[in-house]
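The values are calculated or read from the model by the stated rules, or taken from the named source; none is laboratory data. All figures in this text were calculated on a predicted structure; none of them were measured in a lab. Neighbour counts run over all protein chains shown; Cβ positions are idealised from the backbone, glycine included.
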Amino acid sequence: MDLQLTQEQRRLLILIHTYTAPRDDGSQVWLKDLPLRALMYDGIVKKVFDWDYSPTSVFVHGIRRFINISQEGEHDLIELREAGLVDKLRITATEHVPSKAYRSSVEGAAVVADFPEEDRKTIIDLISCLRCESAREVRVTSSEAFYFCKDCESTEHIGLFNIEDVAYVARPYLPRVLGVGSTGGES
Ligand SMILES: [Zn+2]
């Protein structure tokens, strides 16, 4: 297979593979889309991924919310799926809002083994606990995203919901002339 993956695509595949590689007992887990988005966003913030991002309206546990999503990252995810390196599963959650989950495919797991060590180390550094270096889970509630370390129970906030408010919040506008600096002419 002649795969020309970019650095971002390699790292994204390593990230997904790290969370979804088959366990010792043969069971394999899926990485749900919200934790994956949180990891992708945190990877942008920590310069693991050279992607842009913007606030995007999605359903988060049945509630419409703006979260930071990278269109370039979504595009790379699609390319990995089209190359057969990532499997996708559609889930209909209890809120009746369909969501998705991902895992590395057999082919994906095979190519990860040949990726540069630097890419693997970058991803391990991203997901490792700052205190005890265990691999951390990612949890996303309806208003918060964070890493959680099962071994030492430490957490680290992820700014998935931190939306820069420029375009979305109408700011109160107070004319400067009113009251401020007015000397008045009458007494
Ligand atoms: Zn820890």
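What do you reckon, is residue 27 of a type in the set (Ser, Thr, Tyr), farther than 17 Å from residue 140 by Cα and not in a helix (DSSP H, G or I)? Here the answer is yes, as residue 27 does meet what is asked. When each of 137, 144 is tested for being under 22 Å from residue 62 (Cα atoms), away from the ligand (no atom under 11 Å from the Cβ) and modelled with pLDDT of 95 or more, the lone residue that passes is 144. Evaluated against (1) closer than 24 Å to residue 162 by Cα; (2) modelled with pLDDT of 95 or more; (3) surrounded by 12 or more Cβ atoms within 10 Å (Cβ to Cβ), residue 100 falls short on exactly one condition, (2). If I filter the range 108-115 for residues that are out of contact with any Pro (no Cβ under 6 Å at 6 or more places or on another chain), at pLDDT 95 or above, away from the ligand (no atom under 16 Å from the Cβ) and over 20 Å from residue 9 (Cβ atoms), do I get at least one hit? No - not one qualifying residue is present in the range 108-115.
Restricting attention to the range 34-50, which residues are of a type outside the set (Val, Ile, Thr) and crowded, with 19+ Cβ neighbours inside 10 Å?
First, the residues of the range 34-50 that are of a type outside the set (Val, Ile, Thr): 34-43, 46-47, 49-50.
Matches in the range 34-50: 34, 35, 36, 37, 38, 39, 40, 41, 42, 43, 49.
Whether a residue is loosely packed, with under 14 Cβ neighbours inside 10 Å, modelled with pLDDT of 95 or more and under 18 Å from the mean Cα position of the chain (by Cα) was assessed, and residue 9 does not pass this test.
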